[in-house]
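Values quoted throughout were computed directly from the atomic coordinates according to the rules given, and no laboratory measurement underlies them. All figures in this text were calculated on a predicted structure; none of them were measured in a lab. Here the Cβ is made from the backbone with ideal geometry for all residues, glycine too, and neighbour counts use every protein chain on show.
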Amino acid sequence: MTEAKPSKKNKQTILVCQGTGCVSGKSLEITAALEKAVSDLKLKNVKIDFTGCHGFCEQGPVAIVEPEGIFYTHVGVDDAREIIESHIRDGKPVERLFYKDPATREAVPKYHDIKFYSKQQRIILRNCGHINPERIDDYINTGGYQALTKVLNEMTPEQVIGEIKRSGLRGRGGAGFSTGTKWEFLRNAAGEPKYMICNADEGDPGAFMDRSTMEADPHTVIEGMIIAAYTTGAAEGYIYIRAEYPLAVKRVRLALQQAEERNFLGDNILRSGFNFHIHVKEGAGAFVCGEETALMASIEGKRGMPRSRPPFPATSGLWGKPSNINNVKSLATVPEIINRGADWYAATGTEKSKGTCVFALTGKIANSGLIEVPMGIALREIIYEIGGGIPDGKQFKAVQTGGPSGGCLPATHLDESVDYESLSAAGSMMGSGGMVVMDEETCIVDIARYFLSFTQAESCGKCVPCRIGTKQMLDILERICRGEGEPGDIDLLVTLGTQIKAGSLCQLGQTAPNPVLTTIRYFREEYEAHINEKRCPALSCVNLINFYIDPDKCQGCGICLRSCPTECIAGDKRMVHVIDQDRCVKCGTCLDVCPDRFSAVTKLSAETMDVPSEPIPVKEKPKAAATG
């Protein structure tokens with residue numbers, strides 16, 4: 001038993017995650033239950049507080065007891081009183097709520113001993129899960145707004161630009177362009193007013209990096225944005241944030257209000273003579289508004305559609321005035337670079353890709369969540385050390401980096417360095433930070449179809465290659481997944497994808513074919529199996545599989561029969577059951593409910609089983625033989 005007896009002098013604090021994921025798991029109610037238990041027991045030496053997202057959403061709701069660093073996972077409302085009575089009052093942590101290592105199944109009580117966290121290097125996420133995002137003093141107590149004070153009192157704009165350029169910081173929104181150079185363009189641009197814009201319109205499926213940062217540490221983004229505005233000469237700023245992030249919107253607005261009250265924002269900031277005002281613009285969730293010219297059109301009240309460049313936004317952006325757009329993660333990094341120096345930041349990462357990057361690690365992975373790792377780390381370390389490997393004993397198949405427009409890399413690339421240049425050479429990209437892991441049961445053709453269907457639906461339709469070309473590619477992929485693929489389809493997909501990349505107006509169209517082109521590059525044999533053999537090797541595409549009940553294993557228990565939603569299974573008790581293939585909708589319920597001790601239901605592709613056409617008594621069952 002881990003002992004954690006509280007000191008009579010040192011107050012204990014229970015930090016409950018109130019990020020979106022944990023709030024959906026009733027963390028507000030958990031916080032209230034903890035407060036009630038403390039009140040009922042009349043405990044004076046404990047404080048209940050909340051934080052933003054810890055990043056380990058898959059383990060939520062989570063809570064940390066400080067200063068011991070005891071980490072509780074999957075906390076429920078009913079667990080609150082036990083935590084207070086056992087841990088806080090009696091000094092005996094609740095072991096059943098400890099994190100369990102996916103490999104060893106051993107309980108790990110402390111936050112910093114969990115590999116998911118200990119293997120990370122947090123700069124952007126440095127405060128996430130450790131401070132109350134709705135209190136500016138919590139941010140100030142971590143050194144917040146010291147960088148802004150230093151810049152206004154001790155540095156010229158040119159010195160700030162030089163420091164950011166020397167640090168090697170590149171845009172974390174996907175393009176990877178030098179942040180310092182970008183600021184320099186705006187600084188030198190003619191025309192007033194100048195605008196500084198924060199792109200918080202995160203649109204990738206499964207991505208929540210920017211949302212979590214704004215929910216957990218909004219002031220670091222605001223401070224970075226103010227420094228950027230001072231450096232470039234901008235007087236007005238916009239944080240463009242999607243309306244589907246209500247908690248992030250709420251906390252950003254509150255943080256802006258608090259920053260103005262403390263004179264970190266507004267007129268004559270910190271008596272420096274510098275004026276800067278920030279407005280919040282809520283977006284409607286269009287993926288194409290991740291492209292900077294489309295985003296600016298949306299701020300102007302127009303339909304979010306990209307335009308041709310040049311002119312570039314630094315010379316003609318928002319309302320035709322000089323403008324810069326920076327990502328949430330880029331701006332959140334700036335205060336740390338100013339506080340700790342360019343050399344400190346540049347010491348992390350690779351020669352051309354400096355610092356750290358935040359990923360939303362999802363898919364077939366034991367530990368899913370938000371991670372921050374140094375540039376240059378290997379995919380293998382992310383997936384097997386931080387991510388805990390592939391669950392249920394399955395084999396790794398591929399990982400997609402860079403969101404829906406990224407590429408899918410096979411096991412032979414597990415030792416690939418995660419940086420801009422290496423991923424690009426492999427056919428993928430850093431993107432905004434999505435990372436989806438796939439196991440052996442994932443159909444690679446269907447994955448390509450899924451991601452292309454997203455980007456095709458999100459196309460604004462302005463240019464023909466993206467509007468028409470992606471639809472043609474999607475039609476071909478859907479045919480292949482239905483078992484209707486034709487010879488020449490693979491080569492046609494490659495031709496179309498190459499032309500779309502070359503001819504599209506913006507990055508949405510220029511990157512949309514990536515999932516298709518990389519899966520053909522690395523998994524061509526799987527496409528060929530779908531087309532030439534009408535077979536899905538992953539047993540995933542419903543038109544290419546059938547479910548059968550093995551007469552040699554069926555015990556006539558009736559569980560599958562009672563569970564079938566279409567009532568297509570026949571057979572009485574102690575009779576070998578039979579599936580009517582004409583009525584079966586391939587939902588897989590029969591496979592899911594068949595007891596493991598029988599394992600009578602099987603899924604086959606391009607094969608059939610020698611099974612009875614009518615139910616027969618179990619005792620008369622013939623020996624089954626696979627044919628076809």
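Observations, loosely collected:
- Nearest 10 degrees, 0 to 90: helix 157-167 Cα axis against the chain principal axis: 30 degrees
- Förster radius 30 Å - calculated FRET efficiency between Lys36 and His277, Cβ distance, rounded to 0.05: 0.10
- Taking label points 7 Å from Cα along the Cα-to-Cβ direction, Asn532 and Thr13 give a separation of 6.3 nm.
- Simple Cβ-charge dipole of region 251-371, Lys/Arg +1 and Asp/Glu -1, about Cα centre, in debye nearest 20: 240 debye
- Surface/4 estimate of mean projected area, convex hull on alpha-carbon atoms of the chain, nm²: 31.7 nm²
- Here the label points at Asp267 and Gln499, each 7 Å from Cα along the C-beta direction, are separated by 5.9 nm in the simple model.
- Taking the number of Cβ atoms within 10 Å of each Cβ as an exposure proxy, the fewest-first ranking of Leu41, Leu247, Leu169, Leu370 is Leu41, Leu247, Leu169, Leu370.
- Dipole orientation for the chain: of the candidates Gly387, Ile579, Ser167, Ser167 has the Cα lying most toward the positive pole (charges on Cβ; Lys, Arg +1; Asp, Glu -1).
- With the simple spin-label model, which puts each label point 7 Å out from Cα in the Cβ direction, the Lys100 to Glu300 separation comes to 5.7 nm.
- Gain on full stretching of the segment that runs from His112 to Glu192 - 0.36 nm per residue minus C-alpha separation: 23.9 nm
- Only the Cβ atoms of Lys and Arg (+1) and of Asp and Glu (-1) were treated as charged; on that basis the dipole of the chain about its Cα centre amounts to roughly 980 debye.
- Potential extension, Ser308-Thr412 segment - 0.36 nm per residue separation minus Cα distance: 33.6 nm
- Nearest 10 degrees, 0 to 90: helix 444-458 Cα axis against the chain principal axis: 50 degrees
- Close amide H partners of Ala314, meaning residues 5 or more places away or on another chain with modelled amide H under 5 Å apart, are Ser323.
- The residue list Val46, Phe116, Gly25 was ranked by how far each Cα lies along the charge dipole of region 1-123 toward its positive end, using unit charges on Cβ atoms, and Val46 comes out on top.
- Listed values for region 426-443 are Karplus-derived 3J(HN,Hα) couplings in whole Hz (6.51 cos²θ - 1.76 cosθ + 1.60, θ = phi - 60°), namely 7, x, 10, 6, 5, x, 8, x, x, 8, 10, 9, 10, 10, 4, 8, 8, 7, and x replaces Gly and Pro.
- HN-Hα J in Hz across region 87-102 - Karplus 6.51, -1.76, 1.60, θ = phi - 60°, x for Gly and Pro: 7, 6, 7, 9, x, 10, x, 8, 5, 5, 9, 6, 5, 10, 4, x
- At an R0 of 35 angstrom, the distance between the Cβ atoms of Lys619 and Lys586 translates into a FRET efficiency of 0.70.
- In degrees, nearest ten, helix 27-40 long axis to first principal axis of the chain (Cα): 70 degrees
- Helix-derived mean residue ellipticity, 222 nm - over the chain, DSSP H n ≥ 4, -39500 (n - 2.57), to 500: -9500 deg cm²/dmol
- The alpha carbon radius of gyration of region 304-429, expressed as a multiple of 2.2 N^0.38 Å, is 1.28.
- Three semi-axes of the equivalent ellipsoid, region 444-532, Cα gyration tensor, whole Å, largest first: 21, 12, 11
- Per-residue Cβ neighbour rank within 10 angstrom, fewest leading, Trp183, Trp344: Trp344, Trp183
- When the convex hull of its Cα atoms is projected in every direction, mean area for region 503-624 (nm²): 10.4 nm²
- Members of Lys250/Lys329; Lys119/Lys364; Lys92/Lys115; Lys364/Lys573; Lys182/Lys501; Lys100/Lys397 lying beyond 27 Å, as alpha-carbon distances in this model show: Lys364/Lys573
- Spin-label zone in region 160-188 - amide nitrogen under 12 Å from a point set 7 Å from the Cα of Lys150 along the C-beta vector: 160, 163-164
- Other-chain or far-sequence residues with amide H under 5 Å of Gly434's (modelled H): Ala360, Gly402, Gly403
- Shape category assigned to region 136-345 from the gyration tensor of Cα positions, a/c cut at 1.5: rounded
- Cross-link partners of Lys194 among aspartates and glutamates (Cα-Cα below 12 Å; sequence separation of 8 or more within a chain): Glu236
- For region 22-42, backbone nitrogen atoms closer than 19 Å to the point 7 Å from Asn141 Cα along Cα-to-C-beta are found at 35.
- Compared with the direct C-alpha span, the chain from Glu486 to Asp552 gains 20.0 nm at full extension, assuming 0.36 nm per residue.
- Once backbone amide H atoms are built at 1.01 Å from N, Ile616 has Val576 as its partners under 5 Å, excluding neighbours fewer than 5 places away on the same chain.
- Per-residue Cβ neighbour counts within 10 Å put Asp204, Asp582 in the sequence Asp582, Asp204, beginning with the fewest.
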